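Undergrad: Dumping the structure here so I can ask a few things about it.
The values are calculated or read from the model by the stated rules, or taken from the named source; none is laboratory data. On a predicted model such as this, the values are computed, not experimentally measured, just so you know. Here the Cβ positions follow ideal geometry from the backbone for every residue, glycine too, while neighbour counts run over all protein chains shown. Remember, those area values only see protein heavy atoms, side chains included, never the ligands or the DNA or RNA. Shrake-Rupley method; radii C 1.70, N 1.55, O 1.52, S 1.80 Å.
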Amino acid sequence: MVVTGRFALLATVAAAVVMFVVPTAVGVLAACAVLVTVLLVDVALTARADALSVTREPLTVVRLGRSAEVELAVTNVGTGTVRGTLWDSWPDSARAELRGHHLDLAPHTRIRLRTKLTPTYRGDRVAGPVTVRLLGPLGLAGRQSRIDVPARVRALPAFRSERLLRSKVKRLHHLEGRNVANTRGQGTEFDSFREYVAGDDVRSIDWRATARANDVLVRTWRPERNRHMLMVVDTGRASAGRVGEGTRLDSAIEAALLLGGLAAAAGDTVDLLAYDQRVRAEVSGVGGNQLPLKLMHTLAGVTPQLVDTDTTGLVRTVISRVRRRALIVWFTSLDGPTVTEHLLPALPTLTRRHRVLIVSVTDPEIAAAAGDRTAVYSAAAAETVLAERAVVQESLRRRGVAVVAAAPDQLPEALADEYLELKQSGSL
């Protein structure tokens, strides 16, 4: 049971009347009896919480940085009017606005209440219980109860680089239409026949097709499509490092989404694996237009784990799941000790079976500090870090491993361009 400020005001007025009119014990007892009687009557006439039917959508999806409205349907299934207040409870990280709502429902009527949510980071937010405070007809007292209405809101990655996807796909189609050759090479597949012209390699002539036609026909080849690509996202402690406005993992997810959408448009088979000491998330067997959305939902709840990445276990997992030769895009950190102690010893096993591309985000503040001549010591430390990173990248390239390293806002486009270059050259 709850009492309102109106009852407190009534009690104050009754006390003043007793004090000035009947300042005796009998007057006090009489006033108390009247107040208690009125209070109990108001509570008895209050509608019960089971007279309300509360429902809502179990899952609401929103992009990070945007807002979504969660709708709560409240129906009065009882025979009396329901008056009171309803509070829709959400975690603080969901940043709920307008969570309190006034209720005044006639019998067998429904109202839809909306709460605005603006999540502050990726992942799911589970709704708390709906608190309902119903008041009697006098508004002096009532009943308060909680109703469990399971629901959650999922904040997907922002995917700001989605604006680049259309232009990259257009460039991809341009390459597929223009990049044909007369000679077959590694990573190419048959494209079509065309008439022989002076200067063509006679070895490209298809004599069977020529016998069925009136002209001499030659075969043309293009970069092979329907290749297999596996994106491996390192979710170990290094991925928790702050770079720019987010973490290394946030930058890796942004780049992976753009690369996945581009590869799906190219007709490639794309899988994803999030790993530190065990598999945290996985996507496989999804292609076409459904792939980007599946990647977003899968990566929404992936967070950095404060453990060292088991590089050997990661390589073992990749080899066990990818049988034929594929492009392995590995999102990880290129810090000197991490590469020397963990990455380099594990790479030979992987590079013998697959083509490997290492993707790493760089800290723009380090580059800015290296150019700051007013802080000599900070500039020297930044230069040391950049030199170590350059040595690591060169060491990886000598082992046949391609490297893409860029600032957070440039990494998705740089990775997409590298993929297109590999596609054009037939290196996949």
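Undergrad: Would you pick out the residues in segment 201-218 that are in a loop (DSSP other than H, G, I, E, B) and either surrounded by fewer than 16 Cβ atoms within 10 Å (Cβ to Cβ) or modelled with pLDDT of 75 or more (or both)? I'd like the intermediate steps shown before the answer.
TA: Narrowing segment 201-218 to residues in a loop (DSSP other than H, G, I, E, B): 201, 206, 213-216.
Result: Asp201, Ala213, Asn214, Asp215, Val216.
Undergrad: Inspect all residues belonging to segment 291-303 and state whether any of them is assigned to a loop (DSSP other than H, G, I, E, B), within 19 Å of Leu156 (Cα to Cα) and open to solvent by less than 60 Å² (accessible area, probe 1.4 Å). Walk me through how you get there before you give the answer.
TA: Pass one, segment 291-303, residues assigned to a loop (DSSP other than H, G, I, E, B): 301-303.
If we keep only those that are within 19 Å of Leu156 (Cα to Cα) too, we end up with 301-303.
Checking the rest, the ones that are also open to solvent by less than 60 Å² (accessible area, probe 1.4 Å) come to 301-302.
Yes, that holds for at least one residue.
Undergrad: Now for a different question. Name the pairs: first residue in segment 60-82 and within 15 Å of Ala127 (Cβ to Cβ) and open to solvent by less than 20 Å² (accessible area, probe 1.4 Å), second residue hydroxyl-bearing (Ser, Thr, Tyr) and not in a strand (DSSP E or B), Cβ to Cβ under 9 Å, at least 6 apart or on different chains?
TA: These pairs meet every condition: Val62/Thr118; Ala68/Thr118.
Undergrad: Only one of Val43, Val70 is in a helix (DSSP H, G or I) and either of a type in the set (A, V, I, L, M, F, W, C) or under 21 Å from Ile147 (Cα atoms) (or both). Can you tell me which? Don't jump to the end; show me each part of the working.
TA: Details: Val70 fails: in a helix (DSSP H, G or I).
Residue meeting the stated conditions: Val43.
Undergrad: In addition: Of the numbered conditions (1) among the aliphatic types (A, V, I, L, M); (2) touching a strand residue (DSSP E or B) at 6+ places or on another chain (Cβ under 8 Å); (3) open to solvent by 30 Å² or more (accessible area, probe 1.4 Å), Leu175 satisfies every one except a single condition; which is it?
TA: (3)
Undergrad: Further, regarding this structure: Specify the residue that is nearest to the chain's Cα centre (by Cα); the eligible residues are those in segment 322-335 that are over 16 Å from Arg399 (Cα atoms) and in contact (Cβ under 8 Å) with a residue 12 or more places away in the chain.
TA: Step one: of segment 322-335, the residues over 16 Å from Arg399 (Cα atoms) are 322-326, 331-333, 335.
Subsequent filtering for residues that are in contact (Cβ under 8 Å) with a residue 12 or more places away in the chain retains 322, 324-326, 331-333, 335.
Details: Val322: 25, Arg324: 30, Arg325: 29, Ala326: 26, Phe331: 16, Thr332: 18, Ser333: 20, Asp335: 25 Å.
The qualifying residue nearest to the chain's Cα centre (by Cα) is Phe331.
Undergrad: Restricting attention to segment 393-406, and to residues there that are more than 17 Å from Val329 (Cβ to Cβ) and not small (Gly, Ala, Ser), which single residue is surrounded by the most Cβ atoms within 10 Å (Cβ to Cβ)? Show your work before the answer.
TA: Of segment 393-406, the ones more than 17 Å from Val329 (Cβ to Cβ) are 394-395, 398.
Those still in the list that are not small (Gly, Ala, Ser) too: 394, 398.
Working: Glu394: 11, Arg398: 8.
Ranking the candidates gives Glu394 first.
Undergrad: Counting only residues that are open to solvent by 40 Å² or more (accessible area, probe 1.4 Å) and touching a strand residue (DSSP E or B) at 6+ places or on another chain (Cβ under 7 Å), how many does segment 253-278 have?
TA: Let us first name the residues in segment 253-278 that are open to solvent by 40 Å² or more (accessible area, probe 1.4 Å), namely 265, 269, 277-278.
Filter once more, keeping what is touching a strand residue (DSSP E or B) at 6+ places or on another chain (Cβ under 7 Å): 269.
Here the count works out to 1.
Undergrad: Now for a different question. Quick check on segment 148-161: of everything there that is crowded, with 16+ Cβ neighbours inside 10 Å and touching a helix residue (DSSP H, G or I) at 6+ places or on another chain (Cβ under 8 Å), which residue is nearest to Trp90 (Cα to Cα)? Before the answer, list the steps.
TA: First, pick out the residues of segment 148-161 that are crowded, with 16+ Cβ neighbours inside 10 Å: 149, 151-159, 161.
Next, only the ones that are touching a helix residue (DSSP H, G or I) at 6+ places or on another chain (Cβ under 8 Å) stay: 153-159, 161.
Numbers: Val153: 10, Arg154: 13, Ala155: 14, Leu156: 18, Pro157: 20, Ala158: 21, Phe159: 25, Ser161: 30 Å.
Restricting to residues being crowded, with 16+ Cβ neighbours inside 10 Å and touching a helix residue (DSSP H, G or I) at 6+ places or on another chain (Cβ under 8 Å), the top hit is Val153.
Undergrad: I want to confirm something. Restricting to segment 343-374 and keeping residues that are polar (S, T, N, Q) and free of Cβ contacts under 8 Å to residues at least 40 places away in the same chain, which single residue is most open to solvent (accessible area, probe 1.4 Å)?
TA: Filtering segment 343-374 down to residues polar (S, T, N, Q) leaves 349, 351, 360, 362, 374.
After this cut, where a residue has to be free of Cβ contacts under 8 Å to residues at least 40 places away in the same chain as well, the list is 349, 374.
Working: Thr349: 49, Thr374: 125 Å².
Of everything passing the filter in segment 343-374, Thr374 is most open to solvent (accessible area, probe 1.4 Å).
Undergrad: Quick one: in segment 397-412, which of the residues that are in a helix (DSSP H, G or I) and either touching a Cys at 6+ places or on another chain (Cβ under 8 Å) or free of Cβ contacts under 8 Å to residues at least 60 places away in the same chain (or both) is farthest from Ile358 (Cα to Cα)?
TA: Step one: of segment 397-412, the residues in a helix (DSSP H, G or I) are 397-398, 411-412.
Narrowing the set further to residues that are either touching a Cys at 6+ places or on another chain (Cβ under 8 Å) or free of Cβ contacts under 8 Å to residues at least 60 places away in the same chain (or both) leaves 397-398.
Working: Arg397: 10, Arg398: 13 Å.
Among residues in segment 397-412 that are in a helix (DSSP H, G or I) and either touching a Cys at 6+ places or on another chain (Cβ under 8 Å) or free of Cβ contacts under 8 Å to residues at least 60 places away in the same chain (or both), the one farthest from Ile358 (Cα to Cα) is Arg398.
Undergrad: What's the number of the condition Ala281 fails, among (1) in contact with a helix residue (DSSP H, G or I) (Cβ under 7 Å, 6 or more places away or on another chain); (2) in a helix (DSSP H, G or I); (3) at pLDDT 90 or above?
TA: Answer for Ala281: the failing condition is (2).
Undergrad: Can I ask one more? Suppose we keep only residues that are β-branched (Val, Ile, Thr), under 30 Å from Thr81 (Cβ atoms) and touching a helix residue (DSSP H, G or I) at 6+ places or on another chain (Cβ under 9 Å) within segment 3-47. Which one would you say is least open to solvent (accessible area, probe 1.4 Å)?
TA: Restricting attention to segment 3-47, the residues satisfying the condition of being β-branched (Val, Ile, Thr) are 3-4, 12-13, 17-18, 21-22, 24, 26, 28, 34, 36-38, 41, 43, 46.
With under 30 Å from Thr81 (Cβ atoms) added as a condition, the list becomes 3-4, 12-13, 34, 36-38, 41, 43, 46.
From what's left, touching a helix residue (DSSP H, G or I) at 6+ places or on another chain (Cβ under 9 Å): 3, 34, 38.
Working: Val3: 80, Val34: 89, Val38: 44 Å².
This residue is Val38.
Undergrad: Report yes if Ala274 is over 20 Å from Asp124 (Cβ atoms), in contact with a Ser or Thr (Cβ under 9 Å, 6 or more places away or on another chain) and not in a loop (DSSP other than H, G, I, E, B), otherwise no. Break it down stepwise before answering.
TA: Numbers: over 20 Å from Asp124 (Cβ atoms): no; in contact with a Ser or Thr (Cβ under 9 Å, 6 or more places away or on another chain): yes; not in a loop (DSSP other than H, G, I, E, B): yes.
Judged against the criteria, Ala274 is not a match.
Undergrad: Now for a different question. If I filter segment 377-392 for residues that are open to solvent by less than 50 Å² (accessible area, probe 1.4 Å) and within 22 Å of Gly236 (Cα to Cα), do I get at least one hit? Reasoning before the result, please.
TA: At the first step, the residues of segment 377-392 found to be open to solvent by less than 50 Å² (accessible area, probe 1.4 Å) are 379, 382, 389, 392.
If we keep only those that are within 22 Å of Gly236 (Cα to Cα) too, we end up with 389, 392.
The answer is yes, given that some residue of segment 377-392 is open to solvent by less than 50 Å² (accessible area, probe 1.4 Å) and within 22 Å of Gly236 (Cα to Cα).
Undergrad: Still on this structure, I have one more. Within segment 61-83, count every residue that is touching a helix residue (DSSP H, G or I) at 6+ places or on another chain (Cβ under 7 Å) and β-branched (Val, Ile, Thr).
TA: 2
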